[in-house]
Each structure stands twice: as C-alpha cells, then as structure tokens.
Amino acid sequence: MSRKVINNMGRCSQIFQPVNIAPKDAPVKADVSKSYKHMVDAGIIRKASTGMYTLLPLGLRVLEKLTDIVDQEMLKAGAQKILLPALTSEKLWKKTNRLTQAGRELFTLRDRHNNSYVLSPTHEETVTDLISIVGPLSPKSLPLRLYQISSKWRDEMKPRLGFIRGREFIMKDLYTFDAGPEEAKITYDIVNKAYENIFKQIGVPFTKALGSTGIIGGSMSHEYHYSTDVGEDTVLSCSQCDYHVNENATEESICPSCKSSLVKDNTIEVGHTFLLETKYSEPLHATYHSGHGHKPLSMGCYGLGMTRLIAASVEVLSTDQELRWPVALAPYTVCVIPPKAGSKEEIASPHVERICEILSQSNVDFIIDDRTNLTIGNRLIYSRKCGFPFVIVIGKLATGSSPLFEFHDLTSPKREDVSIETLFSFFNNQDTKSTEEIKREATIAS
Ligand SMILES: [Zn+2]
C-alpha cells in the first residue's frame, strides 16, 4: 500500500474527472482494450490525438505513486536523477548509425537555422555525449549511474490500446558507466535486482525473460513482462524450470537447461535492461582515465515504460465490467462515503471525521465522496467504477450506540461490517495482515 502522502485528502465534488457514460447499446470497438475503456470511462485519461493522451488528475496521481516507488529503488541502486532535453541533434544519431535504422519511427523537426532534431524515443546518444564532453572521467567517479523520468516519442505505424502502444509516453531510462565489462555486469545485476523490487511492490505477477538486443544493441538483455491476451509479445516459458525467453530472441523449441517443453504466453513488455558494452561510448568518445590512457566506458541502459506499466497493470487486474488497480498505485487507496443528506442515517455523520483522522494517522491517502445529495448506492457504483481498492460507508449500522461501518475490500473482493477499532488495526497493519487475521487476533485478545 502506498504510504506516500500526496494531497492526502481529496473531495469527489471538486475533482476534475470527465467521466464517459457510453450509451448501453454502443458497439464495442474491436481495437479497444478493457484498460483503455475503463481509464477513459472513469476520467483517468483522455485522448488528445492519435496515440497521445492527457493524464487527468486521478491518472497523474497514479504516475506520481509509481514514480515514488521507482525513485526509491533507483536511489538504493546508487543512481542519480537528471533530466535530459527532449530534442536530440540528428548529428548525434548519425554518429551511432541509428538515424537510418530507426527510420520513420522517429519524429523529426527542423529549427529556423535548418538544424534537424529528433524528438527522442530514447537517450543513449544524448547522455553519452554529455559524458564525452565532461570526460575523460576519473576512475574514482565510477560507477556512474544516471536516470530520468520523462516523455518520449515514437511515431508508431499503428498506435493502439491507449498507453499500451502510444506515440507519446513516459519512460524511466537509466544509463550506467563502468570501467570494464566485469564492473558493468555487477551494475547490471544490481539494476535487475532493483527492477524485481519495483515489480514486487506493484504486486502484479511478472515474468523476467531473456530478450533480444535489437536496435539498442549490446551483449545481454532481459525483459520484464505482464501476461495478458492483448499483449503483442510472446514469451516462451519452460514447463519445468524457471527459464523464460522472448520468442523473438530464440530459435529454441525446448528448454536449453532441462530439455522440457516451452509454453507460449501473450505478454506486454513493461521493462527492458541492456548490457551495452562500448556500442555508444566508442563512437561518441565517452572515456575514463585508465592508467594506460583513455579507455571507452562500459555502458548499460535500462528502460521502464511508466505509462505503459500503468495501463498494462490495469489490463491484467480489471474485469470486463470494472477497473482494478494495484493497491500500491490506485489514485486513492480508500474512498469514504458519508450518509446521504436528509436521510435517517445522517445522524451518523460525525463518524466521518473520526474515520478521516484514523486514515490520516495511518498515512493512507483517501478521498471523501462528499456529494451527499447522491444516494450511498450511487456513490458505491462510482467508487467501483474508479477502482478505489477500499471503500468505507457510513450507513445504517453506524447510527447505533456501537456503530459498525460497511467495509468493502475490492481486492478480495468482499464486504464486511466492522467497528472503528477493526478499521484502525486494518490500516495500521495493511502491509502484512488480512482483515481475517486482524479480526481473529482481536477476538483472541477480547
Ligand atoms: Zn527448463
């Protein structure tokens, strides 16, 4: 669960959330995934033009939560955050021979002096040129690990499924510089460990597969995949051991380590790591003082598709009818629904404040559905549509002398009537315990 306090309390009445209410018999478009449909319908994203989307307030909160997880893990992996310009001179892309390779997938433009630029889909050239200009580096400054989280562009032939294959997207890209191949491999292992930590915190099942080095190049690569029918990648997994490989990176028909059969799975690639060696540092002269003159740095590059990861996790977790988030990324963890104005339950309204206090003390971010002109039922429907993982309703059972609150856990999913003490324990132990465990303990204690 996210403990990040960002605009901790929200109010539904004030959120800019243009929801899409499609007519019941509207035909479902063939090329629309459930994540895209849910995210547009619930006012999380909005299409701006082909393959380009606006992240609305709730969508941006999700990105901020993911950014927080990624920043923490990058920091632990010894990386420093920077921000490179979006435009890269075409001259640099010519030096590494990638301008023609990438071809029409690049967005390009010219300035008033007729200089050509690439709207960068990735930044190996820019960052290596930076190191070249400030270099040769001292061996003491190595390893050097620099990353950024920024918008990237790719002029896809067929943009589809919203952020799963967009033309503008947000990516985390890390570039590492080491003295030699052995040191670079140590960095590679550290970063892959960080990636595993990131994916574990998000909580959606993932597969780490051997990847092809493709246009990025290099000597070794691993990919991180989410399994879903709409995925355009195919991962082959051994039926007996932990061997996984992207179909495009192998000719094998059986597992090379245990000779068992390989099973195909449709997936979306959400992260990719490359050991590059000197593919970029040599042509761009990014070097260090080796004691025997200047030597090219051994590099690695590591991508994480932030907006794609958000869409893909929704794709994996949602049902056809309802949006579901990883709890760690949900725009708000809890939605609190106070009684309807003018109803018999309205006398229970003072409990709202106590519940908000408990959530604030537990560092749980929440939103209050303060549109008390609406029935509880209607607001519950809204809550489910947005996919808030937990909903607390102050309703009929909250009016008595020992008040109980409706607690909806959309992750399991289940609904229970619980006391304020149970709510308190649940949100203070959320990272480790289920409601059952807490209730069992509470029963034993009393
Ligand atoms: Zn095997």
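Just a few scattered comments:
- Where only DSSP H runs of four or more residues are counted, the chain gives -8500 deg cm²/dmol as its mean residue ellipticity at 222 nm, each run worth -39500 (n - 2.57).
- Taking other residues whose beta carbon is less than 11 angstrom from the beta carbon of residue 154, and scoring Lys, Arg as +1 and Asp, Glu as -1, yields 0.
- FRET E, pair residue 193, residue 346, Förster distance 45 Å, beta-carbon r, rounded to 0.05: 0.25
- Label positions at residue 141 and residue 319, each projected 7 Å from the Cα along the C-beta direction, are separated by 5.6 nm.
- Count Lys and Arg as plus one, Asp and Glu as minus one, and take only other residues whose Cβ is under 14 Å from that of residue 16; the net charge is then +3.
- If only the Cβ of Lys and Arg carry +1 and only the Cβ of Asp and Glu carry -1, the dipole of the chain around its Cα centre is close to 960 debye.
- Look at the dipole of the chain built from charges on Cβ: of 51, 228, 363, the Cα furthest out on the positive end belongs to 51.
- Nearest-ten-degree value, helix 376-386 long axis tilted from longest Cα axis of the chain: 10
- Neighbourhood charge, 15 Å Cβ-Cβ cut-off, centred on residue 206 and excluding it, Lys, Arg +1 and Asp, Glu -1: -4
- Between the residues 297, 316, 118, the greatest Cα displacement towards the positive end of the dipole of the chain, with unit charges on the Cβ of Lys, Arg, Asp and Glu, is found for 118.
- Peptides ranked, highest mean first, by Cβ atoms within 10 Å: ranges 39-47, 179-187, 147-155: 39-47, 147-155, 179-187
- For the chain: relative contact order, % (alpha-carbon pairs under 8 angstrom, 6 or more apart): 17
- Gained length - residue 20 relative to residue 89, 0.36 nm times residue gap less alpha-carbon distance: 20.8 nm
- Taking 0.36 nm per residue of separation and subtracting the Cα-Cα distance, full extension of the segment from residue 397 to residue 104 would add 99.2 nm.
- Relative to one another, the C-alpha centroids of segment 225-296 and segment 307-371 are positioned 39 Å apart.
- Cα long-axis angle, helix 181-202 against the chain (0 to 90 degrees, to the nearest 10): 20
- Spin-label zone in segment 149-191 - amide nitrogen under 18 Å from a point set 7 Å from the Cα of residue 212 along the C-beta vector: 157-158
- Percentage of interatomic Cα-Cα distances in the chain larger than 28 Å: 57
- Legend: distances between Cα atoms for 47/340; 65/344; 94/200; 200/264; 172/259; 158/295; pairs beyond 31 Å are 47/340; 65/344; 94/200; 172/259; 158/295.
- The length gained by stretching the chain between residue 160 and residue 253 to full extension, at 0.36 nm per residue less their Cα-Cα distance, is 30.4 nm.
Each value in this text was obtained by applying a stated rule to the coordinates, not by laboratory testing. On a predicted model such as this, the values are computed, not experimentally measured, just so you know. Using ideal geometry, Cβ is built from the backbone for each residue, glycine included, and neighbour counts are taken over all protein chains shown.
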